[in-house]
1. What about P183, is it under 29 Å from L249 (Cβ atoms), within 21 Å of the chain's Cα centre (by Cα), of a type outside the set (A, V, I, L, M, F, W, C) and at pLDDT below 95?
2. Within segment 150-169, how many residues turn out to be surrounded by fewer than 17 Cβ atoms within 10 Å (Cβ to Cβ) and over 21 Å from E268 (Cα atoms)?
3. For segment 89-121: of the residues being without any contact (Cβ under 8 Å) to a residue 24 or more places away in the chain and under 19 Å from the mean Cα position of the chain (by Cα), which is nearest to D202 (Cα to Cα)?
4. Need a quick list: strands (runs of 3 or more DSSP E) entirely within segment 49-162 having at least 2 residues that are among the small types (G, A, S).
5. State which residue is farthest from K165 (Cα to Cα) when the search covers only segment 89-138 and only residues that are surrounded by 12 or more Cβ atoms within 10 Å (Cβ to Cβ), of a type in the set (D, E) and modelled with pLDDT under 95.
Amino acid sequence: MIRKLTLLCALPLITALYGSTALAGEPIKVVASFTVLADVVAQVGGEHVAVSSLVGPNGDPHEFEPSPADAKALKAAKLTFISGEGLEGWMERLISASGYEGKPVVVSDGITLRSMDEDGKTVTDPHVWNSPVNVKVWVDNIEAALAKADPEDAAAFNANATAYKAKLDAMDAYANDKFADIPEANRKILTSHDAFGYLGRDYGVTFLSPLGLSTETEASAADIAKLIEQIKTEHVKSYFLENSNDPRLVQQIAKATGAESGGELYVESLSEKDGPAPTYEQMFRYNIDQLSAAMAKSS
């Protein structure tokens, strides 16, 4: 009887500390802005996090329109992760609409960024994940945020992060190996928009595209004519569609230049689970395989 009374007396204190005894040990609710980031967060968090992505598979994070369900998911999250650098222009509106009181973790903080001139303005390239070297910075930022939110599981987050960074190193080595025997003159590819700049920087590949860093930009007739002439002059022989973007413009340019289709790349979004790119690692390796095969063919 004494033990029962002691336990009953302790229950209010336990409830005050943890909300309820059923919540102890449950994974923390985490929201990520898009599928690529959600997968990396899940790799670091493991069983201790329940991750949902606002933008779904094959979705465009530039033109995403949040729904009331997204606002509800954000409101319920303990942590929110975004890539940053202008990718999620809709996030501020969503936070305001949802009543979310936290501050999103910007995982790209610390990455050496690309910048360029677009229509007289200097803009930063937000597509940092197309370099696994950059994603190692993501992993460090994610680990730190999760450990702060859930210090009891910090050791697990650290172990997961260390293991995943080894995978990222292997992915980087894989890409270097795939491109090693392809002459630099043949490392030229036409894509829908300027989203592979970090991959190009890491592996010496030139990507040409009619649209700028965002799919929300528009290409003028003069810009398209100039690009067609450049493709012909530089003998760019392959083009790729992107899983999350409208293919019509790049198909039009390819037709005018004689470039041949190399298939589809996953640039800003993972595929469905039964597709070729359901995780970031699979997405990166798939893209490298597609690109290197097209370049080798043109060689």
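1. no
2. Count: 9.
3. T112
4. Hits in segment 49-162: 49-53.
5. Going through the qualifying residues, I end up with E118.
Per-residue answers, yes or no, for (1) closer than 21 Å to D202 by Cβ; (2) buried (at least 17 other Cβ atoms within 10 Å of the Cβ); (3) in the same structural domain as P132 (by TED's automatic domain parsing); (4) at pLDDT below 90:
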site	(1), (2), (3), (4)
V250	no, yes, no, yes
S261	no, no, no, yes
E264	no, yes, no, yes
K273	no, no, no, no
Q282	yes, no, no, no
Y286	yes, yes, no, no
D289	yes, no, no, no
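The values are calculated or read from the model by the stated rules, or taken from the named source; none is laboratory data. Small disclaimer: the values here were computed from a predicted structure and weren't measured. So basically every Cβ, Gly included, is an ideal-geometry build from the backbone, and we count neighbours across all protein chains shown.
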